[in-house]
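Peer 1: Provided herewith is a single structure, encoded as structure tokens, for subsequent inquiry.
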Amino acid sequence: MKIGGAFNQAMLGVQRGLQGAQENAAKIASAGQMGGTPADLVEPLVNLKLNELQVQASAQVIRRLDEMLGSLLDEKA
């Protein structure tokens, strides 16, 4: 896979993770207003953690690509 393609996929992972985090945070915030039970919070809380891990993993890919690109540029110079 080319670096640009990997970067695009990593950015897509960050965007999807952030979007999911917003959706799950909204579910958590509205659960109290809608008279939900604590059990109603389990799924959005777990998903929020998964969203966090997705963003972290995608950010790690971006960091590694940046390091790899920097190393390639250093070797060319």
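Residue-by-condition table, conditions (1) loosely packed, with under 13 Cβ neighbours inside 10 Å; (2) modelled with pLDDT of 95 or more; (3) not hydrophobic (A, V, I, L, M, F, W, C):
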position	(1), (2), (3)
4	yes, no, yes
32	yes, no, yes
40	no, no, yes
48	no, yes, no
57	no, yes, no
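Peer 1: For the stretch 5-42, name all the residues that are within 20 Å of residue 55 (Cβ to Cβ) and among the hydrophobic types (A, V, I, L, M, F, W, C).
Peer 2: 6, 7, 10, 11, 12, 14, 18, 21, 25, 26, 28, 29, listed by residue number.
Peer 1: So, one more: Hey, any hits in the stretch 55-68 for a residue that's more than 18 Å from residue 5 (Cβ to Cβ), out of contact with any strand residue (DSSP E or B) (no Cβ under 7 Å at 6 or more places or on another chain) and not small (Gly, Ala, Ser)?
Peer 2: yes
Peer 1: What pairs can you find where one residue is in the stretch 27-40 and at positive phi, the other is part of a loop (DSSP other than H, G, I, E, B), and their Cβ atoms are less than 8 Å apart, with a gap of 6+ or different chains?
Peer 2: No pair meets every condition.
Peer 1: Given the condition surrounded by 13 or more Cβ atoms within 10 Å (Cβ to Cβ) and either of a type in the set (Ser, Thr, Tyr) or not in a helix (DSSP H, G or I) (or both), answer yes or no: does some residue in the stretch 7-28 qualify?
Peer 2: no
Peer 1: Taking only pairs six or more apart or across chains, which ones have beta-carbon atoms under 7 Å, a first residue in the stretch 2-17 that is within 25 Å of residue 45 (Cα to Cα), and a second residue that is polar (S, T, N, Q) and in a helix (DSSP H, G or I)?
Peer 2: These pairs meet every condition: 10/58; 13/54; 13/58; 14/58; 16/54; 17/51; 17/54; 17/58.
Peer 1: Which pairs turn up if I take residues in the stretch 53-73 that are over 18 Å from residue 20 (Cα atoms) and look for partners that are surrounded by 15 or more Cβ atoms within 10 Å (Cβ to Cβ) and hydrophobic (A, V, I, L, M, F, W, C) with beta carbon separation below 6 Å, at least 6 apart in sequence or on another chain?
Peer 2: 61/10; 62/10; 65/6; 65/7
This table checks each residue for (1) part of a helix (DSSP H, G or I); (2) under 16 Å from residue 12 (Cβ atoms); (3) polar (S, T, N, Q).
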| residue | (1), (2), (3) |
| --- | --- |
| 39 | yes, no, no |
| 47 | yes, no, yes |
| 57 | yes, yes, no |
| 60 | yes, yes, yes |
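Peer 1: Name, by its number, the condition in (1) surrounded by 12 or more Cβ atoms within 10 Å (Cβ to Cβ); (2) closer than 25 Å to residue 10 by Cβ that does not hold for residue 72.
Peer 2: (1)
The values are calculated or read from the model by the stated rules, or taken from the named source; none is laboratory data. For clarity, every value in this text was computed on a predicted model and none was experimentally measured. Quick reminder, even Gly has a Cβ in these numbers, built from the backbone with ideal geometry, and neighbours come from all protein chains shown.
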